[in-house]
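Here the structure comes first, spelled out in structure tokens, and everything after it is commentary.
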Amino acid sequence: MRQRIAVVGAGPGGLAFARVLHRHGHPVDVLERDSGPAARPPGGTLDLHKGLGQLALDKAGLLPRFRALSRPEGQAMRILDVDGTVLRDWQPRPGDDANPEIDRGQLRDLLLGPLDVRWGCGVTRAIPDDRGVVVQLADGRAERYDLVVGADGAWSRIRPAVSAVTPHYTGVTTVETALDDVDSRHPDLARMIGDGALAVYGVNRGIVAQRNSGGRVRVYTQFRAAQDWHADLDPADSEAVRSRLLALFDGWAAPLLDLLRLGRAFAHRPLYTLPVDHTWTHASGVTLLGDAAHLMPPLGAGANLALLEGAELAEAIAADPADLDGAVRAFEERMWTRATTWATITQAGLERLVSPDPAAAIALFDEVQP
Ligand SMILES: Cc1cc2nc3c(=O)[nH]c(=O)nc-3n(C[C@H](O)[C@H](O)[C@H](O)COP(=O)(O)OP(=O)(O)OC[C@H]3O[C@@H](n4cnc5c(N)ncnc54)[C@H](O)[C@@H]3O)c2cc1C
């Protein structure tokens with residue numbers, strides 16, 4: 001008899017898991033809280049690394065379609081001083097496909113393909129017992145599975161079944177905005193940003209502007225702040241948030257501040273992480289992957305790891321469906337080792353990017369850029 005498998009969360013990790021299992025002919029229930037793929041804006045752009053996210057898409061049979069959609073030119077990276085002087089300007093070489101960019105929405109649609117996601121299906125918890133795992137749904141129903149994979153992100157409702165650890169605030173927060181049609185409406189800013197991303201680092205703060213597809217630019221401010229820095233601000237009051245940001249970046253070159261002046265709405269995203277060495281005692285029938293397992297600073301690894309973990313766990317299950325527990329145990333060991341390496345790198349990276357010494361940020365780029 002086939003093992004009953006559920007994955008909670010239709011983010012990059014959950015969808016990669018489901019898509020690779022589907023490719024191998026194994027059914028899987030995808031339980032997603034959002035009411036549908038268009039329930040909320042899909043978010044910005046992701047760079048998918050050759051040995052991580054791209055490898056996962058290869059395992060899903062989707063690499064050619066990724067190549068057709070992705071933007072290798074988005075690998076361009078420019079660093080400016082706070083007075084607007086260009087300090088570094090890296091351009092991808094022709095044929096460079098190490099880390100091309102793809103919009104999150106495009107990646108989600110690519111992975112969704114033939115999958116039959118159960119939208120509007122929030123999960124409140126997973127309860128392992130000696131016959132498998134019971135999944136409690138937000139609508140009060142309960143379902144039983146042989147394996148439940150928690151791919152439900154930072155605030156996972158599956159994680160408590162294996163681990164009591166919760167994310168902690170890093171001391172760095174981001175406030176995000178976006179500009180549309182930059183090439184036609186703001187050509188000077190479009191030239192300043194270039195084909196990929198632009199970053200500027202000051203004392204304990206920075207601004208990153210990154211191209212998405214279709215002339216859209218997302219702008220991320222990052223700064224060290226108490227967790228309640230916005231206690232006296234109404235987050236829905238864009239003008240109040242804008243003037244707070246303009247005060248925070250006071251003295252920076254006018255075109256950099258234009259990125260904030262011209263942004264429409266602002267979204268506040270404090271950065272949380274799990275401990276870099278987060279693991280748990282293996283529990284039969286439940287596991288985690290992606291941010292649910294190893295939430296780390298957003299420095300280009302999280303979605304890549306989630307994708308590869310989803311694909312690898314699915315392949316391991318497909319290779320020997322009778323030994324579900326063996327596949328999960330081996331997967332967890334592999335995931336923990338790799339995730340600890342990346343969590344350590346990205347945690348150290350965040351300390352250098354949003355630091356009292358802006359030169360530390362530039363030195364970091366000098367180390368990692370080809
Ligand atoms: C600004 C920013 C930029 C980033 N840039 C990059 C980048 O360039 N490259 C990169 O590799 N990573 C990047 N990351 C990190 C990346 O976004 C995450 O690591 C990645 O999305 C994790 O994927 P996931 O599938 O584990 O979880 P998520 O993407 O968080 O997906 C979780 C899914 O689970 C669903 N869900 C949650 N709770 C429930 C529930 N109770 N029941 C049912 N469903 C539920 C959610 O609705 C969601 O669909 C960035 C992050 C941020 C914030």
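FYI, it's all coordinate maths here, none of it is from the lab. As the structure is a computational prediction, the values presented were derived from the model and not from experiment. Neighbour counts run over all protein chains shown; Cβ positions are idealised from the backbone, glycine included.
Over all orientations, segment 82-163 has a Cα convex hull whose mean projected area works out to 10.8 square nanometres. Amide H contacts for A283 (H built 1.01 Å from N in the peptide plane; partners 5 or more residues away or on another chain; cut-off under 5 Å): none found. Among the trypsin sites (Lys or Arg not before Pro) in segment 18-92, those placed in a DSSP loop whose Cβ has at most 16 other Cβ atoms within 10 Å are K50. Considering only T279, A343, G214, and ranking their Cα positions along the charge dipole of the chain that arises from unit charges at the beta-carbon of Lys, Arg, Asp and Glu, the one farthest toward the positive end is G214. For segment 83-232, the alpha carbon convex hull comes to 227 Å³ per residue, rounded to a whole number.
Take every pair of alpha-carbon atoms less than 8 Å apart whose residues are at least six positions apart; their mean separation over the length of the chain yields a relative contact order of 23 percent.
Which shape class applies to segment 43-93: rounded if a/c is under 1.5, otherwise prolate when a/b exceeds b/c and oblate if not, where a ≥ b ≥ c are the square roots of the Cα gyration tensor eigenvalues? Taking the square roots of the gyration eigenvalues as a ≥ b ≥ c, segment 43-93 is prolate.
Dividing the summed -39500 (n - 2.57) terms of all DSSP H runs of n ≥ 4 by the residue count of the chain sets its mean residue ellipticity at 222 nm at -10500 deg cm²/dmol. The share of C-alpha pairs in segment 213-370 whose separation exceeds 22 Å stands at 58 percent. For segment 115-205, chymotrypsin sites (Phe, Trp or Tyr not before Pro) are listed when DSSP marks them as loop and at most 16 other Cβ atoms sit within 10 Å of their Cβ; the list is W119, W155.
Translational diffusion coefficient of segment 7-143 (Stokes-Einstein, Kirkwood radius from Cα pairs, 4 °C, 1.567 mPa s): 75 µm²/s. Considering all C-alpha pairs of segment 135-207, those separated by over 15 Å amount to 74%.
Our summary gives segment 161-293 a relative contact order of 37 percent, counting only alpha carbon pairs under 8 angstrom and 6 or more residues apart. For the chain, the share of DSSP beta bridges that are antiparallel, to the nearest 5, is 75%.
Over all orientations, the chain has a Cα convex hull whose mean projected area works out to 18.3 square nanometres.
A cut-off under 15 angstrom between Cβ atoms defines the neighbours of A68, and their net charge, with Lys, Arg +1 and Asp, Glu -1, is -3. State the answer as a single residue: which of P255, F223, V8 lies farthest towards the positive end of the charge dipole of the chain, with beta carbon charges of +1 for Lys and Arg and -1 for Asp and Glu, about the Cα centre. With unit charges placed on the Cβ atoms, the residue in question is V8. Each Lys and Arg Cβ is given +1 and each Asp and Glu Cβ -1; about its Cα centre, the chain then shows a dipole of about 500 debye. Residues whose amide H comes within less than 5 Å of that of L62, counting only those at least five positions distant or on another chain, are absent (H built at 1.01 Å from N in the peptide plane). Think of each Lys and Arg Cβ as +1 and each Asp and Glu Cβ as -1; about the Cα centre, that makes the dipole of segment 224-273 roughly 220 debye.
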